[in-house]
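The values are calculated or read from the model by the stated rules, or taken from the named source; none is laboratory data. Predicted model, so just to flag it, every value in this text is computed and none were measured. Note that we place each Cβ from the backbone using ideal geometry, even for glycine, and neighbour counts take in every protein chain shown.
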Amino acid sequence: MTSRKIRKPAALRAGDTIGVVSPGAAVEPAALERGVSCLERMGFRVRIGRAALHRAGYLAGSDNERLADLREVYQAPEVKAVIAARGGYGCGRLMSAVPIIGPADPAKIFVGHSDLTFLLTDLVQRAEMVAFHGPLVAGLEPASPAVDALADLLSGGQCGWQQRASAVIRPGTATGRLIGGCLSILAAMVGTPYAPDTRDGLLFLEEVNEKPYRIDRMLTQLRQAGLLNGVAGVVFGEMPGCSAGPGEAVTVRDVIETEFRDAPYPVAFGVPSGHGLGTAILPFGVRAQLSADRLILLESPFAT
């Protein structure tokens, strides 16, 4: 990754407004309402995008509706943070030569995962700002650890933050800027102008409900495209549901250990961000250190 200075958003204060948008798949009203109530109980106002509950087949409205809504909500002066309603499919359809959010737009907290990997990567690379790999609004549940982690993050409480992986695949210590997201989305970005720049970065990879052979295929694609060659280190998520079928002996851990057995950099497994527990919120674009099983921020993700 380049060494340019990354722009950082301000942490939120009680009473600030959070925008909620649906740039990808359609969202169920009950799930959105439940998640919005969680945000309001944190002490924030919520502005729901006008197209957040639209539906066009499996999408939350047409591409033009979703794109216009995302831009409108993000650029609203009273909105201090934006959290995606849900993942699913659709964000990649919004990508174009013109950034959705560009370097001239103010830096604000932007949170999402899964299909939002398209937008998180673009925010870091073209808008040159920190983007947060974290919970989606429709997935928030009262009294959930992920809700507590999000409340802490939004108020700036993770400035001295570190996370622990459940296993070390390749030992060692490395530093770099965090980048990554959902493995299948990153693989889909290969060969496009929006592919992630992984050079010298700490690459975070997570996925859900994919069989080990499919994880193998995606990792092979990243390696053959050169995205694993120049990284400083690799960190995997929990990979929930990525299990073999009946009669299949190979596990997702087997696939990862085989793929990275000769890697010249550290590799860790099991940081709970995105699909799964979702309690670790990763600020992409921020310098961090991977040391054995510990992922440690080396700088605050917020403006000071």
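Taking the options A14, A30, name whichever one is touching a Gly at 6+ places or on another chain (Cβ under 8 Å) and surrounded by fewer than 17 Cβ atoms within 10 Å (Cβ to Cβ).
When all the criteria are applied, what remains is A14.
Scan segment 251-281 residue by residue and report those that are within 18 Å of the chain's Cα centre (by Cα) and farther than 13 Å from R164 by Cβ.
Once the filter is applied, which keeps residues that are within 18 Å of the chain's Cα centre (by Cα) and farther than 13 Å from R164 by Cβ, segment 251-281 yields G274, H275, G276, G278, I281.
Consider only pairs whose beta carbons are under 8 Å apart and that are at least six residues apart or on different chains; among these, list those whose first residue lies in segment 140-151 and is among the β-branched types (V, I, T) and whose second residue is in a loop (DSSP other than H, G, I, E, B).
V147/M42; V147/P135; V147/L140; V147/E141
State whether one or more residues within segment 84-91 are without any contact (Cβ under 8 Å) to a residue 60 or more places away in the chain and closer than 30 Å to G191 by Cα.
No, segment 84-91 contains no residue that is without any contact (Cβ under 8 Å) to a residue 60 or more places away in the chain and closer than 30 Å to G191 by Cα.
Please enumerate the residues belonging to segment 178-212 that are over 18 Å from the mean Cα position of the chain (by Cα) and either under 17 Å from F260 (Cβ atoms) or small (G, A, S) (or both).
G191, P212
Filter segment 146-179 down to the residues that are in contact with a Gly (Cβ under 8 Å, 6 or more places away or on another chain) and within 17 Å of A232 (Cβ to Cβ) and list them by number.
Across segment 146-179, the qualifying residues are A165, G172, A174, G176, R177, L178, I179.
Out of (1) touching a residue at least 60 places away in the same chain (Cβ under 8 Å); (2) in contact with a Ser or Thr (Cβ under 9 Å, 6 or more places away or on another chain); (3) surrounded by 20 or more Cβ atoms within 10 Å (Cβ to Cβ), the odd one out for A52 is which?
(1) is the only condition that A52 fails.
Which of the numbered conditions does R253 fail, given that it passes all the others? Conditions: (1) touching a residue at least 24 places away in the same chain (Cβ under 8 Å); (2) part of a loop (DSSP other than H, G, I, E, B); (3) surrounded by fewer than 18 Cβ atoms within 10 Å (Cβ to Cβ).
The single condition R253 does not satisfy is (2).
Sort out which residues of segment 276-303 are part of a loop (DSSP other than H, G, I, E, B), of a type outside the set (F, W, Y) and farther than 13 Å from V235 by Cβ, and write them in order of number.
If the condition is that a residue be part of a loop (DSSP other than H, G, I, E, B), of a type outside the set (F, W, Y) and farther than 13 Å from V235 by Cβ, then G276, L277, G278, T279, I281, G285, V286, L298, E299, S300, P301, A303 are the ones that fit.
Select from segment 234-255 the residues that are at positive phi and either at pLDDT 95 or above or not assigned by TED's automatic domain parsing to the domain that holds A167 (or both) and list them in ascending order.
M239, G241
Yes or no: segment 256-265 includes at least one residue that is modelled with pLDDT of 95 or more, hydroxyl-bearing (S, T, Y) and assigned to a loop (DSSP other than H, G, I, E, B).
Yes: segment 256-265 contains one or more residues that are modelled with pLDDT of 95 or more, hydroxyl-bearing (S, T, Y) and assigned to a loop (DSSP other than H, G, I, E, B).
Quick one: which strands (runs of 3 or more DSSP E) lie wholly within segment 1-115 and hold at least 1 residues that are within 19 Å of the chain's Cα centre (by Cα), of a type in the set (A, V, I, L, M, F, W, C) and modelled with pLDDT under 95?
none
Within the group F302, F269, which residue is more than 21 Å from L183 (Cβ to Cβ) and crowded, with 19+ Cβ neighbours inside 10 Å?
F302
Quick one: in segment 229-250, which of the residues that are in a loop (DSSP other than H, G, I, E, B) and hydrophobic (A, V, I, L, M, F, W, C) is surrounded by the fewest Cβ atoms within 10 Å (Cβ to Cβ)?
Among those residues, the one meeting the criterion is A249.
Among the numbered criteria (1) crowded, with 20+ Cβ neighbours inside 10 Å; (2) in the same structural domain as R71 (by TED's automatic domain parsing); (3) at pLDDT 95 or above; (4) of a type outside the set (D, E), which one does L203 miss?
Every listed condition holds for L203 apart from (2).
Just checking, how many residues over segment 95-115 are touching a helix residue (DSSP H, G or I) at 6+ places or on another chain (Cβ under 7 Å) and under 14 Å from I281 (Cα atoms)?
Number of matching residues: 3.
Give me the pairs, please: first residue somewhere in segment 111-133 and over 18 Å from V98 (Cα atoms), second residue anywhere and among the hydroxyl-bearing types (S, T, Y) and at pLDDT 95 or above, beta-carbon distance under 7 Å, and either six or more positions apart or on two chains.
Sorted first by the residue in segment 111-133, then by its partner, the pairs are D115/Y89; H133/S273.
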